[in-house]
Each structure stands twice: as C-alpha cells, then as structure tokens.
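Asks: This is the structure I have questions about; it appears just below.
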Amino acid sequence: MSAPFFQMSLIVQKYGGTSVGNPERIRNVARRIVETQDQGHGVVAVVSAMSGVTDSLIKLAREVSPHPEEREMDVLLATGEQTTMALTAMAINAMGRKAVSLTGAQAGIVTDGVHTRAKIADLTPKQLKHHLDEGCICIVAGFQGETKDKRITTLGRGGSDLTAIAVAAAVKADLCQIYTDVDGVYTCDPRVVPTAKKIAVISFDEMLEMASSGSKVMQSRSVEFAKKFGVTFEVRSSFNNNPGTIVKEETKSMEAVVVRGVSIEKNQAKVTVRAVPDKPGVAARVFTAVADAGIIIDMIVQNVAHDGTTDISFTLNKDELPKVETTLGPVAKEIGAKAVEIQGDIGKISIIGVGMRSHSGVAAKMFEALSKAGINIVMISTSEIKTAVIVDEAKLTAGANVVHEAFGLGR
Ligand code: ADP
Ligand code: ASP
Ligand code: MG
C-alpha cells in the first residue's frame, strides 16, 4: 500500500531559468523547497536549465552543423535541465535532507515522436510516487520526455512549465506553483509597460490567449494542458514571498473586467501574394501549399477585388520566412499572381479579456488610442476574447503603453 503518498498534501513547484541561474540561486531554491517540506508537504520540484544554457546549447549545435538532426538536438538540449536537477538535489542533500533527481523519462513522461516540440502522450509517475512515499523530495528535469521507443524528446521552448502542469495533474497535486523572476502575471510584460499591475486571478482562456499572443511568462501549451485537466496553478516569484497570480477556471465575476491584459509579439512578418485572379480555389491553393510545408501562420486578410484580381496577405513568425520563399514562388506562378512580397519589421499588439464577450466598443477604444499616438494599423483580427492589431515593430512598445493606459490597466 502506498497510503502515505495520498494522505499528505503534495505540492508541485517549478523553478525557471533565472531562478536557478547560478549556484547561489540554486541554493536559494533548495532552501525554498526544504521550507515547503518543513511545512509538512510532499514536494516535487521541476527545474529548468540555468538561464542562457538552452540558447548556448543551440548555438553550439549550429557551430558544428548547419542543420543538426532534431533527434540529436533533443539529446543535447535535455542536458541543460539535467545539470540543474542534479545540482538542486545536491544542494538539498547538503542541507541534510533527502532529494533525488529524475529525468523526464524516469519521472514517467512519455511523448510522441515530434522532436523539439513533442507532446506528452502519457505520464505514469511510478518512480515519483515511490520516492515520495519514502519521504524524499523529487527534483524533475523540465522540458523533456521520452518516446515509447526510448528516444529523448523536448517539449518546445518554455516547456518546463508543461512538465510542471503535467506532473501536477498526474500526481493529483494539491497545489502547483510556477516560480519565476516576476511576481506573477501582469497586465502587460512589466519590462515593456512599467506601470503594469499584477493580476490576482485570471482564467485559463485569458492566460492561454495572452501566452499565445506573446506573453511568454507561461508556455501556451502548458496552459492548454492545465485547462484540459483542470489544474489550477499559481505564478509567483522565487525571489520573494509575495502572493502571485492564480490561473483557474473562469467564474462569472471575471466578465466584469473587459480587458485583463495586453500582449505584444515581436519578430513578425507579413506576406502578400499580389494580384491573384479573383476566382474560386485560389486561396485554397495558396494556403494548402503553406500548410503542406508545415508553415504556421497567424492572421489572414483578402482584399476587395479590383480588375478581377485581389491581394491575399497573411502574417507569421519571421523564423518561418525561409520556408515561405521556397514554397510560394512556384505556387504564385501557377495561379498567375503578380508577385510575392514580404514585409518584415512588424509586430502584434493584442488585448485580451473574457469581458469582451459582453461589452461593446472595445476594439474602437483600442484603435482610437493607437490613432491618437500616431500609430498606423496594418492589419486587424478579432476573436471572442481578443482583439489584435499589426503595427510597425518600432511602435510596439509605445502602442502597448497607450493601449494599456486607454483601458485603465496601469497603476
Ligand atoms: P522562467 O525562466 O522562469 O520560465 P520566463 O522568462 O519564461 O521565466 O518568463 C518570465 C518573463 O516573462 C518575465 O521576466 C517577463 O519579462 C515576461 N513576461 C511577458 N509577459 C508578461 C506578463 N504579462 N506578466 C509577467 N511577465 C511577463
Ligand atoms: N530550458 C528550456 C528553454 O529555455 C525550457 C524552459 O526553460 O522552460 O526553453
Ligand atoms: Mg518560461
């Protein structure tokens, strides 16, 4: 019987790269984990690679090969988190407590075979439970798993968040805490909008929209997972004891706030297929080619036709551009388009809030604020709880600040 495991309260904590950025910070994290255990909880701590390590491993790979195989990239990148897990366990053991480190595979994380952005397919926390039952603190390497046929995989950038949420769901944790270098989720990235305020409570959907439109404080896939499995979690700082932000299921009262937050996304580009014949099947041809090439796109706009032709534009992350150039050239020729034009140096500003469902005039207020600041809107898209605009990249920070101010989100 493994009764003790189920009887004690269990906390899953995740410590991000900055929080474990040097030996002193790792000792700080170790102290926090020990304090949590002292309060009578079982603790599983998921750790990221020390800040900068994943980026330098990627750089290192590029220095030995122009196109490293994704399988080997995953083997390499997984070492970042493994360094941290061992150091954290050592630091805890040096404090006279019992900690063991576990890789993603040892923690039971089974993924699909999509290297560098694998999805978690299954999580059987057998070893975790065993060590917890023995009173051990478990330190799990974030961001990694293993396929059924034992290949090491990673879960996409920021993937330690996903590890933490998935482990919390699997062990049925009483609490899941995401420790980072800010006090919580703010109304906008506080490094972009200095007057941004900490949000006390936010719904899964709002957090998901913020994360997927550029608020990288949480990995968007981790929020999706949390929503799917109903894992309420808290985002808070590893550098103080301030209460953080609770991310949870939406409640009725949340609709009273029209705009919960503002996100910005840099590194965007706009592709325009110029003067395509205005007839059925043309858009399908363009976007089938784009999809077949595995290109991830964001907004799409088709303009009004003149002289029997029209322009089709879409936006995407700049990193996708090389694929676009090789894919759309031949397609443009085939459908008789005039040209494929690319505009870089654009970015996206989004406002997010479940209250948008029941309030009108929200988009107008955003556009007015931008216009007053002399910021031109290149493209617009809306969804039920989000309005997003594309603007000149150089105007992103100014735009985020005026929009934030217009909705009275600041301190
Ligand atoms: P970690 O290494 O702990 O995972 P990240 O760097 O991934 O930390 O995420 C924390 C960072 O997210 C903050 O330092 C902040 O600059 C950025 N950020 C972006 N949007 C927001 C937001 N709305 N609220 C708080 N932080 C945000
Ligand atoms: N180390 C990985 C990254 O930098 C995963 C993470 O920190 O969450 O993306
Ligand atoms: Mg992160």
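The values are calculated or read from the model by the stated rules, or taken from the named source; none is laboratory data. Note that the structure is a prediction, hence the values are computed from the model and not measured. Heads up, the Cβs are rebuilt from the backbone with ideal geometry, glycines too, and the neighbour counts pull from every protein chain shown. Quick note on the areas: whole protein, heavy atoms, side chains included, nothing else; ligands and nucleic acids left out. Shrake-Rupley method; radii C 1.70, N 1.55, O 1.52, S 1.80 Å.
Asks: Could you go through the range 330-335 in sequence order and give the Karplus-derived ³J(HN,Hα) for each residue, using 6.51 cos²θ - 1.76 cosθ + 1.60 with θ = phi - 60°, rounded to whole Hz, and x for Gly and Pro?
Replies: x, 5, 4, 4, 4, 8
Asks: Jot down the radius of gyration and Dmax of the chain, Cα atoms only, both in angstrom.
Replies: 23.2, 79
Asks: What net charge is computed for the residues neighbouring ARG357, neighbours being all others with C-beta under 9 Å from the C-beta of ARG357, Lys and Arg scored +1, Asp and Glu -1? Kindly include the intermediate steps, with their values, before the conclusion.
Replies: Working: positive: none; negative: GLU255, GLU384.
Once positives and negatives cancel, what remains is -2.
Asks: Using the Karplus equation 6.51 cos²θ - 1.76 cosθ + 1.60 (θ = phi - 60°), what ³J(HN,Hα) coupling, rounded to whole Hz, does each residue of the range 245-256 give in order, writing x for Gly and Pro?
Replies: 10, 8, 10, 8, 3, 5, 10, 4, 5, 5, 5, 5
Asks: How long is the gain from ALA398 to VAL114 if the chain were fully straight, where each residue apart is worth 0.36 nm and the alpha carbon distance is subtracted?
Replies: 98.4 nm
Asks: Run lengths n ≥ 4 of DSSP H only: what is the helix-derived mean residue ellipticity at 222 nm for the chain, with -39500 (n - 2.57) per run over all residues, to the nearest 500?
Replies: -11000 deg cm²/dmol
Asks: So how far, in whole Å, is the C-alpha centre of the range 195-238 from the one of the range 44-100?
Replies: 24
Asks: Evaluate the relative contact order of the chain (contact order divided by residue number), counting alpha-carbon pairs under 8 angstrom at least 6 apart; express in whole percent.
Replies: Taking the mean separation of contacting Cα pairs over the length of the chain, I get 14 percent.
Asks: Got a sec? Which residues in the range 92-112 would a label at ARG31 touch, if it sits 7 Å along Cα→Cβ and we count backbone N under 16 Å?
Replies: 92-97
Asks: Run the 1.4 Å probe and let me know the accessible area of ILE109, rounded to the nearest 10 Å².
Replies: Surface accessible to solvent at ILE109 totals approximately 0 Å².
Asks: Amide H neighbours of LYS14 under 5 Å, counting only residues 5+ apart in sequence or on other chains, H built in-plane at 1.01 Å?
Replies: When sequence neighbours closer than 5 places are left aside, the close amide H contacts are VAL46, GLN177, ILE178, TYR179.
Asks: Distance from the Cα centre of the range 110-174 to that of the range 364-398, in angstrom?
Replies: 39
Asks: While we're here: For GLU255, GLU384, give the ranking by accessible area with the largest first, probe 1.4 Å.
Replies: GLU384, GLU255
Asks: Next question. How many nm separate the modelled label positions at LYS216 and ASN267, each set 7 Å beyond the Cα in the direction of the Cβ?
Replies: Once both label points are built, they end up 0.5 nm from each other.
Asks: For the ranges 154-161, 403-410, 190-197, what's the packing order if you count other beta-carbon atoms within 10 Å of each residue, average per peptide, and put the highest first?
Replies: Going by the mean number of other Cβ atoms within 10 Å, highest first, we get 154-161, 403-410, 190-197.
Asks: Give, in nm to one decimal, the length gained when the segment between GLN39 and ASP278 is fully stretched (0.36 nm per residue of separation minus the Cα-Cα distance).
Replies: Stretched out fully, the GLN39 to ASP278 stretch lengthens by 79.3 nm.
Asks: Hey, quick one: spin label on ARG285, modelled 7 Å out along Cα-Cβ, who in the range 308-335 has an amide N within reach, i.e. under 20 Å?
Replies: Backbone N within reach: 308-314, 324-335.
Asks: Could you order LEU396, LEU208 so the one with the most accessible surface comes first? Probe is 1.4 Å. Don't skip to the answer; put the middle values down first.
Replies: Working: LEU396 5, LEU208 40 Å².
Order by accessible area, largest first: LEU208, LEU396.
Asks: Can you list residues whose amide H is under 5 Å from THR153's amide H, if they're 5+ apart or on another chain and H is modeled 1.01 Å from N?
Replies: Result for THR153 returns GLY145, GLU146, THR147.
Asks: Ok, one more. LYS98 accessible area, nearest 10 Å², 1.4 Å probe?
Replies: About 110 Å², rounded to the nearest 10.
Asks: List, in order, the whole-Hz ³J(HN,Hα) value for each residue of the range 341-349 obtained from phi through the Karplus relation with A = 6.51, B = -1.76, C = 1.60 and θ = phi - 60°; use x for Gly and Pro.
Replies: 10, 10, 10, x, 6, 10, x, 10, 10
Asks: For the Cα atoms of the chain, what angle does the longest principal axis make with the long axis of helix 160-170, in degrees from 0 to 90, nearest 10?
Replies: Approximately 60 degrees, to the nearest 10.
Asks: Hey, can you find the accessible area per residue of the chain for me, probe 1.4 Å, expressed in square angstrom?
Replies: It amounts to 45 Å² per residue over the chain.
Asks: Quick one: if the Förster radius is 51 Å, what FRET efficiency do VAL301 and GLU134 give, using the C-beta to C-beta distance and rounding to 0.05?
Replies: With a Förster radius of 51 Å, E is 0.30.
Asks: Using 0.36 nm per residue of separation minus the Cα-Cα distance, give me the extension gain between THR124 and ARG191 in nm, one decimal. It would help to have the intermediate numbers written out before the result.
Replies: On the way: separation 67, 0.36 × 67 = 24.12 nm, distance 3.87 nm.
Fully extending the segment from THR124 to ARG191 adds 20.2 nm.
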